[in-house]
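Just passing along the structure, written as structure tokens.
Computed from the coordinates by the stated procedures, all read-outs in this text should not be read as laboratory data. Note that this is a predicted model, so its numbers are computed, not measured. Backbone-built Cβ (ideal geometry, glycine too); neighbour counts: all protein chains shown.
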Amino acid sequence: MQRAGELLASVFGFSGFRPGQADIVAAVTRGENVLAIMPTGGGKSLCFQLPALLQDGVTVVISPLIALMRDQVRALTEAGVAAGALTSGNTEAETTEVFAALDEGRLKLLYMAPERLASGGTRNLLRRAGVTAIAVDEAHCVSQWGHDFRPDYLRIGDLRRALDVPLAAFTATADAETRDEIVARLFGGVAPSTFLRGFDRPNIHLAFTIKDQPRRQILDFAAARRGLSGIVYCATRAKSETLAAALRETGHVACHYHGGMQADDRREVEARFQREDGLIVAATVAFGMGIDKPDIRWVAHADLPKSIEAYYQEIGRAGRDGAPAETLTLFGPDDIRLRRTQIDEGLAPPDRKSADHARLNALLGLAEATGCRRQLLLSYFGEASDPCNACDLCDTAPEVFDATQAVRKALSAILRTGESFGAGHLIDILLGAKTEKVTRRGHQSLPTFGVGKDMTRPQWQAVFRQMMGHDLIRPDAERHGALRMTEAARPVLRDEVGITLRRDTIRNATSKPAVRGLVREEDAPLLSALKAIRRALAEAARVPAYVIFPDRTLIEMAEKRPGSLDEMMGIGGVGTKKLEKYGSPFLAVITGCDERVHPARRKLAGQPTGAIFDRLLAAQTELARGADGTGKHLTCSHSTLRKLAETRPRNLTDLGRIGGLGDTKIERFGQAFLAILGDG
Ligand code: ADP
Ligand code: ZN
């Protein structure tokens, strides 16, 4: 593992492992079968990329997403790792190069689309290529229940048996059923070493708000984050289109995305989102797995997601780079009705439906939470935690009240009217409103009539919504959404347990979440200058901006302001190769000078020899015209100085053996150089 730590720094430029990574890297490197469940942005790729470098032979990586594979291959190549991809997106030249590298045994990582597994030649190719491990990204694609199901993933189990090599599977999908399916289909039912942990994404701020004027709420949220990349998830295709248009009208760069679009149009949006800084995509959940953008700064839900897993996965697309990201989820009684109906009217078998209701309930509980949201979310995934200080309820403690009596009145109204009506009519009864419907049904003579006059209509609406959120009542799909009482409500009705609800009225629904910046105010101009140079370099190299450096790295540069390439090497995300390639232009922006560093010096950055090189260079500049400043101008080449720093000759004879140092130069600089080399 010492070697792993070295490569982590020198190749990937990271100063340490993220939670869970070290154990997974160790197990994969030992050649165990591994199933790792890590949150999005947790750093899964490193868990198979690093072991691949530590092992002999080639690691085959199966991934469902061509764009993602190509980006990873580009990033690895940038970092000096021999990686290639075989996908339908390849040019002929790329494919030829991959085959050549395989033949010559140069390749460490071979990315492959699952479709390839269907062709008979692939298995032979992989056998000849000396494959020693298989890594499977997005392993939940083997699950027939998930919406990401890929039939070709079912061939992976056969491949593992045929090659007889260890397999490491990675996914962010947490639920137990999916996990069992992965074990059955990829590992032939034999439990692999399993790693499940670290579901917290502390850089993502959580917030829910009751829908009030939903379009206004989304536009306000986006306006406060102008110029930052974001996603707005919508429940319907039509809404994704109208919201995208509304965003454009208010001056944002925005487009829509949904499953009803042509494949080409969808790909174009994906590609634009990946490359552009500050694009907003209003989308249905179809905009999902294809996105691997690390610097999404916010995710808003214009409608309630369908389950707590879906919510977690969708907000999890924000802030994968670890820098602060914000989320806002809007919800209202109509959302709850819609999601319940979708489950009830779906085609799943009954036990699946009740599991789906339970997942929706968990999300509603989160929406109606009265304490820290993250604590509740993590507890759902089996993790205990302290209040987070990064959710709306930690920011402002909610106003709560003992709602036991109010809830009992509402339940009573429901039961006395035969569980046949929706909230509107029930509230009329509670408020004692003699509407036409009330008199027609004779409901003015019910004992419950008018018992709720102590609260206003909006307050009663909030009570009913929260009762749905706590799953005390459910709309009945077969009776046009009439509210029915659930088993969970019985103890409240019998006054055996009390219930606390939030007193969030319309007033709360209109309050806006606070805006926070990525860096301190004084660092913001430098950060945008760094982003500008990154954009220029990315455009020149025709790669997405984050392939040069992720946001997180630029933020750290802006905050720490490294003054030299050596200091730059200490910034997270800066490895040797990248430093060599991009270090100087970024340093120039930070130090405000345009002096380019010689490539010979750049090669030594981050190493002790770098400092010796600098001293040799200083000594030679001092002596360029001799000790008295009147001699002939003499200098040694940078590569000669680099050789000196690296080989460290101890006397004049050894010094003379270094090419490029003739007698005159030895006479001029010899003693000074030896003094420096002697005390380093
Ligand atoms: P996912 O688990 O979603 O596949 P990635 O592998 O794409 O996540 O990693 C997410 C981000 O975290 C990337 O920008 C990656 O460079 C960064 N990252 C991964 N491991 C580390 C680490 N040990 N230290 C710092 N950053 C890391
Ligand atoms: Zn919190």
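Which percent of Cα-Cα pairs in region 521-597 sits in each 10 Å bin, short to long?
Going out from 0 Å in 10 Å bins, region 521-597 shows 20, 60, 19, 0 percent.
Region 399-426 to region 123-140: how many Å between their Cα centroids?
59
FRET efficiency for Gln671 and Met1, Cβ-Cβ distance as r, R0 = 41 Å, nearest 0.05?
Details: r = 45 Å, r/R0 = 1.10.
E between Gln671 and Met1, to the nearest 0.05, is 0.35.
Hey, another quick one. Where q = 0.11, 0.13, 0.16 Å⁻¹, what log10 of I(q)/I(0) comes from the Debye formula for region 204-395, counting one point per Cα?
-0.48, -0.68, -1.04
Let me ask something else about it. To test your reading of the geometry: what angle, between 0 and 90 degrees and rounded to tens, separates the Cα axis of helix 524-541 from the longest principal axis of the chain?
70
Please list, in order along region 460-466, the HN-Hα scalar couplings obtained from phi with the Karplus expression 6.51 cos²θ - 1.76 cosθ + 1.60 (θ = phi - 60°), rounded to whole Hz, x for Gly and Pro.
Per-residue couplings from phi come out as 5, 4, 5, 5, 4, 4, 5 Hz.
Dividing the Cα radius of gyration by the Kirkwood radius, what Rg/Rh value follows for region 199-273? Walk me through the numbers before you get to the answer.
Values: Rg = 13.7 Å, Rh = 13.9 Å.
Reported Rg/Rh (Cα atoms, Kirkwood Rh): 0.98.
To check my understanding: the extent here is largest minus smallest coordinate of the Cα atoms along each principal axis. What are those three numbers for the chain, in Å, largest first?
Taking max minus min along each principal axis of the Cα atoms, the chain gives 116, 60, 45 Å.
Follow-up question, since we're still on this one. What's the whole-number percent of alpha carbon pairs in region 400-502 lying beyond 23 angstrom? It would help to have the intermediate numbers written out before the result.
Numbers: 962 of 5253 pairs.
Of the Cα pairs, 18 percent sit more than 23 Å apart.
Another one. Could you pull out every residue, at least 5 positions away or on a different chain, whose amide H is within less than 5 Å of the one on Ala85? Hs are placed 1.01 Å off N in the peptide plane, and Pro or chain starts have none.
For Ala85, the qualifying residues are Tyr111.
Another question, if that's okay. In degrees between 0 and 90, to the nearest 10, how far off the longest principal axis of the chain does helix 638-647 point, with axes built from Cα atoms?
90
So, one more: Where does region 1-128 land on Rg(C-alpha)/(2.2 N^0.38 Å)? The partial results should precede the final answer.
Values: Rg = 14.7 Å, N = 128, 2.2 N^0.38 = 13.9 Å.
Output field value: 1.06.
I would also like to ask the following. Shape call for region 554-642 from the C-alpha gyration tensor, a ≥ b ≥ c root eigenvalues: rounded (a/c under 1.5), prolate (a/b greater than b/c) or oblate? List each step's numbers first, then the result.
Numbers: a/c = 2.77, a/b = 2.12, b/c = 1.31.
Verdict is prolate for region 554-642.
Next question. Hull surface divided by four, with the convex hull built on the Cα atoms of region 528-680: how many nm²?
Working: hull surface 40.6 nm².
Here the figure is 10.1 nm², rounded to one decimal.
Further, regarding this structure: Between the alpha-carbon centers of region 643-676 and region 65-95, tell me the distance in whole angstrom.
Cα centroid of region 643-676 versus Cα centroid of region 65-95: 45 Å apart.
Same structure, new question: Which residues' amide hydrogens lie under 5 Å from the amide hydrogen of Val400, considering only partners 5 or more residues apart or on another chain, with H built in the peptide plane?
Distant-sequence amide H within range of Val400: Arg503.
Report, for the chain, the % of DSSP beta bridges that are antiparallel, rounded to 5.
Working: 7 of 53 bridges.
Expressed as a percentage, antiparallel bridges in the chain total about 15.
Measure nothing fancy, just the Cα-based angle from helix 92-103's long axis to the longest principal axis of the chain, in degrees from 0 to 90, nearest 10.
Relative to the chain, helix 92-103 is tipped by roughly 70 degrees.
Any idea how far the Cα center of region 258-291 sits from the one of region 518-589, in Å?
27
When the chain is fully extended, how far beyond the present Cα-Cα distance does Ala176 get from Glu496, taking 0.36 nm per residue of separation?
Values: separation 320, 0.36 × 320 = 115.20 nm, distance 3.34 nm.
So the extension gain works out to 111.9 nm.
Now for a separate question. Fully extended, how many nm does the chain gain between Ala184 and Ser10 (0.36 nm per residue separation, minus their Cα-Cα distance)? Walk me through the intermediate numbers first.
Working: separation 174, 0.36 × 174 = 62.64 nm, distance 3.78 nm.
Using 0.36 nm per residue and subtracting the Cα-Cα distance, I get 58.9 nm.
If I take the Cα coordinates of region 1-60 and project them onto the principal axes, what are the three extents in Å, biggest first?
28, 26, 18
Arg216 versus Thr635, label points 7 Å from Cα toward the beta carbon: distance in nm?
For Arg216 paired with Thr635, the spin-label model returns 6.7 nm.
Would you please give the residues with an amide H less than 5 Å from that of His205, counting only those at least 5 places away or on a separate chain, with H modeled from the backbone geometry?
Residues meeting the criterion, in which the H sits 1.01 Å from N, are Ala325, Glu326, Thr327.
What ranking, highest mean first, results for peptides 621-633, 310-322 when packing means the other Cβ atoms within 10 Å averaged over each residue? The partial results should precede the final answer.
Working: 621-633: 11.2, 310-322: 23.8.
Highest mean packing first, the order is 310-322, 621-633.
Using the per-residue mean of other Cβ atoms lying within 10 Å as a proxy for protection, in what order, highest first, do the peptides 386-396, 571-581 fall?
Working: 386-396: 16.0, 571-581: 20.6.
Most protected by this proxy first, the peptides run 571-581, 386-396.
Karplus couplings for region 353-365 from phi (6.51 cos²θ - 1.76 cosθ + 1.60, θ = phi - 60°), rounded to Hz, Gly and Pro as x?
Once rounded to whole Hz, the list reads 4, 6, 5, 5, 4, 5, 5, 5, 4, 4, 5, 5, x.
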